[in-house]
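*Asks:* Dropping the structure in here first, questions after.
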Protein chains: 2
Amino acid sequence: MLERVEAKTTVADLMAEIGRKARVAAQPLAIASPDKKTAALNAMARAIERRQAEILAANREDVANGVTAGMSTAMLDRLTLDEKRIACIAESIRTIAALPDPIGTVIAEWDRPNGLHIERVRTPLGVIGVIYESRPNVTADAGALCLKSGNAVILRGGSDSAHSSRAIHAALIEGLEAAGLPRDAIQLVPTTDRAAVGEMLTGLDGNLDVIIPRGGKSLVARVQSEARVPVFAHLEGLCHLYIDGSADLAMARKIAVNAKMRRTGICGAAETLLIDRAIAPADFAALLGDLSAAGCEVRAEADVVSVYPAATPAREEDWTTEYLDAIISVRLVDGIGGALDHINRYSSHHTEAVVAEDPKVVERFFNEIDSAILLHNASTQFADGGEFGMGAEIGIATGKMHARGPVGVEQLTSFKYRVRGNGQTRP
Amino acid sequence: MLERVEAKTTVADLMAEIGRKARVAAQPLAIASPDKKTAALNAMARAIERRQAEILAANREDVANGVTAGMSTAMLDRLTLDEKRIACIAESIRTIAALPDPIGTVIAEWDRPNGLHIERVRTPLGVIGVIYESRPNVTADAGALCLKSGNAVILRGGSDSAHSSRAIHAALIEGLEAAGLPRDAIQLVPTTDRAAVGEMLTGLDGNLDVIIPRGGKSLVARVQSEARVPVFAHLEGLCHLYIDGSADLAMARKIAVNAKMRRTGICGAAETLLIDRAIAPADFAALLGDLSAAGCEVRAEADVVSVYPAATPAREEDWTTEYLDAIISVRLVDGIGGALDHINRYSSHHTEAVVAEDPKVVERFFNEIDSAILLHNASTQFADGGEFGMGAEIGIATGKMHARGPVGVEQLTSFKYRVRGNGQTRP
């Protein structure tokens with residue numbers, strides 16, 4: 001008992017110290033020149049490559065532990081690094097290095113009748129906490145994105161990938177030091193004690209400005225319900241694809257298969273297909289046939305099953321399930337109005353797509369759905385920071401505060417006002 | 001005891017119902033045309049004017065209650081309406097009506113190599129809760145700003161101004177109905193039971209997206225510590241004015257008196273004056289003489305008091321006190337470096353100003369201070385949404401998430417992405 005209390009105190013002290021160090025590091029970071037940050041990022045990429053053997057050895061340890069612990073094949077796949085994946089990690093850091101530096105950018109400026117000139121200028125947020133699970137590449141991506149946006153970061157990776165994360169983190173530190181930036185700019189929580197997460201959720205005495213959870217539903221839900229600081233979270237990607245009566249059917253078939261089946265485990269994968277009742281049964285049966293041929297299970301309402309008997313009957317819970325698997329729920333709707341009713345009832349506000357040629361349908365779809373990303377005649381799988389040209393993303397936010405959609409370097413910033421006068425006083 | 005429980009349940013039910021109604025109203029509001037919202041706002045302004053006698057009568061009731069309750073003169077002044085103030089309320093609504101409609105504005109757009117065209121478009125936040133104290137004009141300002149930005153709003157005014165707020169609210173509803181917008185777009189909590197605030201802080205079952213507290217420190221602190229939804233709060237305006245050795249002294253004297261004394265009770269009033277040690281004692285004594293002549297008490301460190309004996313000695317707590325009164329704390333510092341050290345230690349991150357002719361000093365001041373508003377050669381009292389050209393403000397946010405500085409219609413919005421393709425699938 002006493003030992004537990006002491007351990008708890010130790011984690012609390014440790015995390016408080018990490019918070020203080022991060023806040024101290026955030027100040028020089030906020031005013032670091034773009035060149036210095038770019039140099040650090042490029043040095044990090046080189047260090048990742050140079051330390052490849054060391055990172056792979058650390059990763060083998062994590063993988064061996066995972067096998068012993070009976071980790072699922074999918075999780076093992078996410079955890080495992082090889083030379084190609086390490087090259088990707090380095091490449092991703094270089095892509096972030098090459099992005100325009102957001103800090104100091106004038107977002108807006110205007111003059112007032114009294115001669116004051118007002119500028120709204122991008123600034124860092126301060127200290128960002130990233131809580132993630134087994135993917136070791138998040139260590140590098142999150143560290144690099146936070147550095148580029150001038151923020152100090154506290155990384156808390158999963159215990160499953162602890163060795164890999166530590167090895168990658170060492171390379172990041174090497175890059176920071178090569179460029180003369182404080183090593184506390186990117187800190188990795190050195191304990192896998194879950195109490196560390198609890199401490200981060202309290203905000204580390206005001207030294208943590210925002211938390212980004214990246215992982216499964218239960219992690220994100222815990223962070224969202226317990227955090228005393230703002231959270232950029234995405235809970236679910238229950239994405240819809242609506243095929244309107246005006247759609248180009250060949251295009252619709254291609255998009256449906258891609259939106260569902262390209263990768264079924266990502267948040268931008270389509271989970272529900274809504275088909276306009278105006279589409280001929282033979283046509284939508286052909287579309288569903290494509291999905292079945294691609295290995296997808298189709299769960300549908302009776303009016304679909306009667307035309308396409310390969311489908312199994314859908315239940316109410318199918319409209320609220322993010323399968324993240326080769327399963328799709330299908331419903332016929334009465335045109336765009338019916339699609340809007342369904343989506344506005346069941347959407348997780350992540351991503352929805354419409355295939356249609358009628359511009360009025362597209363406009364209603366774009367205006368009347370409140371989701372982070374809406375696509376016309378394109379696959380939902382484009383819901384991704386890289387695909388948006390943001391270089392990389394730390395996640396996709398489904399909330400509406402501050403960040404929404406892919407969270408890239410710009411979304412990791414705040415702003416301030418600079419006002420230039422020549423002696424103005426307020427009357 | 002049983003009665004209390006029942007009363008609590010009733011307030012909980014009432015607030016839950018208000019939340020549901022707000023969510024329902026938010027949907028047509030989000031897609032209401034700019035013209036419809038403008039028409040509603042102009043109708044509200046007319047209704048305020050037409051109902052002047054009724055509003056004044058209601059206000060007399062509040063004022064009489066305030067007098068009986070022994071309300072302070074300052075609070076009574078804030079509470080009391082007259083014909084001129086009612087004209088101001090109507091005018092303020094018209095100013096908001098005339099602002100450009102933020103909703104649907106394309107904030108950014110770009111093309112991707114694969115032909116996708118991406119637009120980032122402004123959207124409403126959803127449902128906003130405003131919790132305020134005795135100023136009845138907040139009812140109109142908050143209602144109008146939320147409507148302009150396409151948000152439903154739940155207003156919870158102080159019990160001191162309950163009658164006035166109800167009368168003003170009736171005029172707002174008249175405007176909504178005249179334009180065919182849902183009356184639930186602007187709801188005023190009909191009970192002064194404090195449990196209603198507690199219900200709002202829990203987020204009304206997910207039906208409240210953000211809370212804006214507008215009032216004294218204790219209200220804001222309670223909202224910030226208890227709210228389970230995002231809060232746009234400003235806790236303190238501990239604003240600094242730094243006079244650099246390179247300053248135009250005549251300008252510095254004018255700005256110092258204005259920054260402190262124009263209105264001492266507003267958050268943009270200067271509370272601490274930092275003077276570069278390079279300035280000749282006779283010069284800074286003249287500046288302090290101006291402040292004394294204007295009726296300001298000067299609290300200073302010993303090296304100032306020795307030159308300017310009218311000053312009283314400052315204590316440590318003077319550097320952390322937002323006086324909101326005719327008092328200023330004064331300290332000599334070693335140039336811009338000393339000013340930055342002091343400000344970065346004591347600032348509330350609201351507003352700071354520098355008077356200087358040396359551009360290097362100005363650049364350091366602008367870059368190395370992390371406050372919402374930084375001014376050069378201008379009074380801190382310009383920290384105001386109206387002065388920034390935002391038409392009106394619902395408050396000044398000192399946090400860095402989402403909104404920062406004056407919170408006007410643009411700050412009450414979120415965004416979504418609209419992506420247009422022609423059949424793109426992700427490889």
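The values are calculated or read from the model by the stated rules, or taken from the named source; none is laboratory data. All values derive from a computational prediction rather than experimental measurement. Quick reminder, even Gly has a Cβ in these numbers, built from the backbone with ideal geometry, and neighbours come from all protein chains shown. With ligands, DNA and RNA removed, areas are computed over all heavy atoms of the protein, side chains included. Shrake-Rupley method; radii C 1.70, N 1.55, O 1.52, S 1.80 Å.
*Asks:* Condition (residue is outside any helix (DSSP H, G or I), loosely packed, with under 15 Cβ neighbours inside 10 Å and away from every other protein chain (no Cβ under 14 Å)) applied to the stretch A:99-112: is it met by at least one residue?
*Replies:* Among the residues of the stretch A:99-112, not one is outside any helix (DSSP H, G or I), loosely packed, with under 15 Cβ neighbours inside 10 Å and away from every other protein chain (no Cβ under 14 Å), which makes the answer no.
*Asks:* Do we have any residue at all in the stretch B:118-130 that's of a type outside the set (F, W, Y), in the same structural domain as B:D35 (by TED's automatic domain parsing) and modelled with pLDDT under 95?
*Replies:* First pass over the stretch B:118-130, keeping only residues of a type outside the set (F, W, Y): B:118-130.
Restricting the remaining residues to those that are in the same structural domain as B:D35 (by TED's automatic domain parsing) gives B:118-130.
Now narrow it down to the ones that are modelled with pLDDT under 95: none.
No, because not a single residue in the stretch B:118-130 is of a type outside the set (F, W, Y), in the same structural domain as B:D35 (by TED's automatic domain parsing) and modelled with pLDDT under 95.
*Asks:* Is there any pair linking a residue in the stretch B:335-350 that is touching a residue at least 12 places away in the same chain (Cβ under 8 Å) and under 17 Å from B:E271 (Cβ atoms) to one that is open to solvent by less than 20 Å² (accessible area, probe 1.4 Å) and charged (D, E, K, R), with Cβ under 6 Å and at least six apart or on different chains, and which?
*Replies:* Within 6 Å, the pairs are B:I343/B:E352.
*Asks:* Among the residues of the stretch A:391-410, count how many are open to solvent by 10 Å² or more (accessible area, probe 1.4 Å), more than 21 Å from B:I396 (Cα to Cα), modelled with pLDDT of 90 or more and within 11 Å of chain B (Cβ to nearest Cβ).
*Replies:* Qualifying residue count, the stretch A:391-410: 1.
*Asks:* Next up: For the stretch A:173-270, give me every one of the helices (runs of 4 or more DSSP H) that falls completely inside it and has 2 or more residues that are open to solvent by less than 10 Å² (accessible area, probe 1.4 Å) and farther than 20 Å from A:G126 by Cβ. First the steps, then the outcome.
*Replies:* Working: elements: A:195-201, A:217-226, A:249-261.
Hits in the stretch A:173-270: A:249-261.
*Asks:* Which of the residues that make up the stretch A:352-372 are facing chain B (nearest Cβ under 10 Å), under 23 Å from B:L125 (Cβ atoms) and touching a residue at least 40 places away in the same chain (Cβ under 8 Å)?
*Replies:* Matches in the stretch A:352-372: A:F365 only.
*Asks:* With the structure loaded, tell me whether B:L287 is of a type outside the set (D, E, K, R), more than 30 Å from the chain's Cα centre (by Cα) and open to solvent by less than 20 Å² (accessible area, probe 1.4 Å) or whether it fails that test. Spell out how you get there, then give the answer.
*Replies:* Details: of a type outside the set (D, E, K, R): yes; more than 30 Å from the chain's Cα centre (by Cα): yes; open to solvent by less than 20 Å² (accessible area, probe 1.4 Å): yes.
Yes; evaluated as a whole, the condition is true for this residue.
*Asks:* Run down B:V138, B:V153 and say which single residue is in the same structural domain as B:L99 (by TED's automatic domain parsing), of a type in the set (V, I, T) and part of a helix (DSSP H, G or I).
*Replies:* Numbers: B:V153 fails: part of a helix (DSSP H, G or I).
Checking each option against the conditions leaves just B:V138.
Condition check ((1) within 14 Å of chain B (Cβ to nearest Cβ); (2) over 25 Å from the mean Cα position of the chain (by Cα)) across all residues:
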residue	(1), (2)
A:P213	no, no
A:S218	no, no
A:F232	yes, no
A:A270	yes, no
A:A278	no, yes
A:A294	yes, yes
A:V298	no, yes
A:V304	no, yes
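*Asks:* For residues in the stretch A:411-427 being within 30 Å of A:D384 (Cβ to Cβ) and open to solvent by less than 10 Å² (accessible area, probe 1.4 Å), which is nearest to the other protein chains (Cβ to nearest Cβ)?
*Replies:* Restricting to residues being within 30 Å of A:D384 (Cβ to Cβ) and open to solvent by less than 10 Å² (accessible area, probe 1.4 Å), the top hit is A:S414.
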